[in-house]
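Each remark here refers to the structure printed beneath this line.
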Amino acid sequence: MRVIRRNPTSLFYLLAALLSASPLSAQKRPMSVLDLIDVPFVGDAQLSPDGTQVLFVKSTADWEENRSISHIFRVDTDGSGLVQLTHGKEGQSSPRWSPDGLHVAFTANRGDDEGNQIYLLSAGGGEARRLTAHETSVGNVSWSPDGRFLYFLASDPLSDEEEKKREVRDDVFAFDENFKQIHLW
């Protein structure tokens, strides 16, 4: 079987068509800011290693929580087989296929996590398990080519003095003095 690789940017058009908002009402009217906020946002499309599936993040407005909630979905490149892989009120982001296509790593802030942490999920679905317990929020997750390691970026933890300031909500900020170095882990 020959797999044709598609341009990932064209996948956004496919995903947007699949996840279009509610049907148009019978009465035409100009779109308001609230209507715009209600339109789901689709992004961060990731083509599977074999080129047959796409992971993406769909963000929708949660009016009760006054924020946007993001979840990870998987769809076949022909537009069939749409599956929501993550659920809950916390939201998830940055899905990344393992090199063998059997697992998905993503970031989320769940339960008592200190900021975003890395979770691992079977590509077929199921319950995700937390892989990191880093002191600060992690991001920019990437798999090693052999699939044995995950790399991520994270900043230095807060010093005791900075932690005390945060607890008392001392938010005075000096641009050149409050810089936190970001490291590859």
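The values are calculated or read from the model by the stated rules, or taken from the named source; none is laboratory data. Predicted, not measured: the structure shown is a model, and the values here were computed from it. Quick reminder, even Gly has a Cβ in these numbers, built from the backbone with ideal geometry, and neighbours come from all protein chains shown. Just the protein is used for accessible areas: all its heavy atoms, side chains included, with ligands, DNA and RNA removed. Shrake-Rupley method; radii C 1.70, N 1.55, O 1.52, S 1.80 Å.
Taking the Cβ of F56 as the centre, find all other residues whose Cβ is under 13 Å away and add up their charges (Lys, Arg: +1; Asp, Glu: -1). Don't skip to the answer; put the middle values down first.
Numbers: positive: K58, R74, R96; negative: D44, D76.
That sum, taken over residues with Cβ under 13 Å, equals +1.
When a/c is below 1.5 the answer is rounded, else prolate if a/b is larger than b/c, else oblate, so apply that to segment 105-165 with a ≥ b ≥ c taken from the square roots of the Cα gyration tensor eigenvalues.
Details: a/c = 3.75, a/b = 1.76, b/c = 2.14.
The shape class here is oblate.
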Dipole of segment 82-147, positive direction: furthest Cα of G125, V104, S142, with charges on the beta-carbon: G125
Of the accessible area of segment 38-100, computed with a 1.4 Å probe and all protein chains kept, carbon and sulfur make up a percent value of 46
Given a 1.4 Å probe and every protein chain left where it sits, what share in percent of the accessible area of segment 110-151 is carbon and sulfur? 45
Roughly what % of Cα-Cα distances in segment 25-84 sit above 14 Å, to the whole percent? 64
Solvent-accessible heavy-atom area per residue, rounded to whole Å², over segment 71-112 at 1.4 Å: 42
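Classify segment 26-185 as rounded, prolate or oblate from the Cα gyration tensor: take a ≥ b ≥ c as the square roots of its eigenvalues, call it rounded if a/c is under 1.5, otherwise prolate when a/b beats b/c and oblate if not.
Working: a/c = 2.29, a/b = 1.20, b/c = 1.90.
Because a/c hits 1.5 or more and a/b fails to exceed b/c, segment 26-185 counts as oblate.
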